[in-house]
Amino acid sequence: MMQKYDIAAYVWPSYTGDDMRARLFWSEGYGEWQTVHNVKKNSVGKPKNYVWDRRPLWGYVNEANPDIMEMQINCAYKHGVNVFIYDWYWYDGRPFLENCLTDGYLRATNNNLVKFYIMWANHNANHVWSIDHSDECGNEIIWRGDVSFDTFKTIVKRWIEKYFSHPSYYRIDGKPVLSIYSIKNFLKSFGGFDGAKEAIAYFREEVKRAGFPGLHLQLIYNAFEMFDFDGKFGASVLDVYGMLDFDSVTHYNMGTRQERDNDYGEMIKIHKKNYDEMDERGIRYFPQVSLGWDANPRFRKFQPCIITNNTPENIQKAFIQAKEYVDTHNLPAPLITINSWNEWTETSYLQPDNLYGYGYLEAVKKVFKDQ
């Protein structure tokens, strides 16, 4: 029997050592697992009552290995996660960390069980990924996320030929789905609103030329991105939704920095507040569930912004709320996005750990699969 809901978990593709440029951030050669593995050593200066001791039950595995991904796909599918959303980067004139998708997922023999789509993570790359530099110069830009129109054409060609044509690529009404993380950088890439509109028109036309009925373009609502756009100070991402004719909106992670310093019970209310805002503004929204927030593994200095009490039981309540949203809205797909499959260093992941075991995945299964 087909599962009724499309449960899509974001994949942060850094848990691999195959991209040599990743050594700029994780010199030991196995990606950001290095940060997770060394978290106790890097936390000696933090308050004594603060402890981050989570560990992956599967070990520090290489997610660019197809055998590893076959195991993870089977586990995801068994628990009701049937879509992966891959963070996709283009830095320094070429893709970055793409091998997690191309060498891991796409070479897995069972990738028909869990579909995938791409979120273009077009934010700037900085030192926040490097434990040696994150405290003092974390915001210093290493690679910019904005691109030229010619580069965008190269990227679009790659997406269409390498990914959209794959039988496991996630589509809505036959249209391949692609989401854009930073609308601010997207506007910057093309010199403002008119250029961005031209780029989107080009993208849609190229997708149709490739034989698809169209493109489903999704906007990531990032509450941090407030900007002066076309002379309107304080414009938000949602102001751009209709003006650039996006097809839908979802979140990557929920809440502002202040809201993240909270008990998860309050975060459930914040999720609901965001859902209601989308309704009030008439936006086609696919509900998102954030599993938590604690970025302390990436820093030696204590970061006080932490979501507490994000137990599987509380997470399950958030899933029920998202399910109710889908059940009561006329959406083109029963899609719910989750942050995330493996954001360990932000403490927002579904993968099994030493604290709750398979608890987060079991929460997904109880709400969306055991019906």
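Among the residues of segment 279-332, count how many are among the aliphatic types (A, V, I, L, M) and closer than 30 Å to Trp33 by Cβ.
Counting residues in segment 279-332 that are among the aliphatic types (A, V, I, L, M) and closer than 30 Å to Trp33 by Cβ gives 8.
Do any strands (runs of 3 or more DSSP E) lying entirely in segment 1-109 carry at least 3 residues that are farther than 30 Å from Ile320 by Cα, and which ones are they?
Working: elements: 6-11, 83-91, 94-96.
Where strands (runs of 3 or more DSSP E) fall fully within segment 1-109 and carry at least 3 residues being farther than 30 Å from Ile320 by Cα, they are 83-91, 94-96.
How do the pairs read when you match residues in segment 98-123 that are touching a residue at least 24 places away in the same chain (Cβ under 8 Å) with residues anywhere that are surrounded by fewer than 18 Cβ atoms within 10 Å (Cβ to Cβ) and among the hydrophobic types (A, V, I, L, M, F, W, C), using Cβ under 8 Å and keeping only pairs 6 or more apart or on different chains?
That search, which allows pairs on different chains as well, returns Trp120/Ile155.
Find all pairs meeting these conditions: Cβ atoms under 6 angstrom apart; at least six residues apart or on different chains; first residue within segment 250-271 and among the small types (Gly, Ala, Ser); second residue outside any strand (DSSP E or B).
Note: pairs meeting the criteria are Gly255/Ile270.
Which ones in segment 52-85 are aromatic (Phe, Trp, Tyr), more than 29 Å from Phe302 (Cα to Cα) and touching a residue at least 40 places away in the same chain (Cβ under 8 Å)?
Listed by number, the list holds a single entry, Phe84.
Looking only at segment 266-305, filter to residues that are modelled with pLDDT of 95 or more and of a type in the set (Val, Ile, Thr); which one of those is nearest to Glu136 (Cα to Cα)?
Val289
May I ask you to list the residues in segment 235-265 that are in a helix (DSSP H, G or I) and modelled with pLDDT under 95?
Listed by number, the residues that qualify are Val237, Leu238, Asp239, Val240, Tyr241, Gly242, Met243, Arg257, Gln258, Glu259, Arg260.
On the basis of being more than 30 Å from Val36 (Cα to Cα), assigned to a helix (DSSP H, G or I) and in contact with a helix residue (DSSP H, G or I) (Cβ under 6 Å, 6 or more places away or on another chain), does Val147 make the cut? Lay out the reasoning, then the answer.
Values: more than 30 Å from Val36 (Cα to Cα): yes; assigned to a helix (DSSP H, G or I): no; in contact with a helix residue (DSSP H, G or I) (Cβ under 6 Å, 6 or more places away or on another chain): yes.
Criteria not met by Val147.
Conditions (1) closer than 20 Å to Ile85 by Cα; (2) part of a loop (DSSP other than H, G, I, E, B); (3) of a type outside the set (Phe, Trp, Tyr), marked per residue:
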residue	(1), (2), (3)
Ile283	no, yes, yes
Ile315	yes, no, yes
Ala318	yes, no, yes
Lys323	yes, no, yes
Ile338	yes, no, yes
Thr345	yes, no, yes
Tyr360	yes, no, no
Lys365	yes, no, yes
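The values are calculated or read from the model by the stated rules, or taken from the named source; none is laboratory data. None of these values were measured; they are calculated from a predicted model. Neighbour counts run over all protein chains shown; Cβ positions are idealised from the backbone, glycine included.
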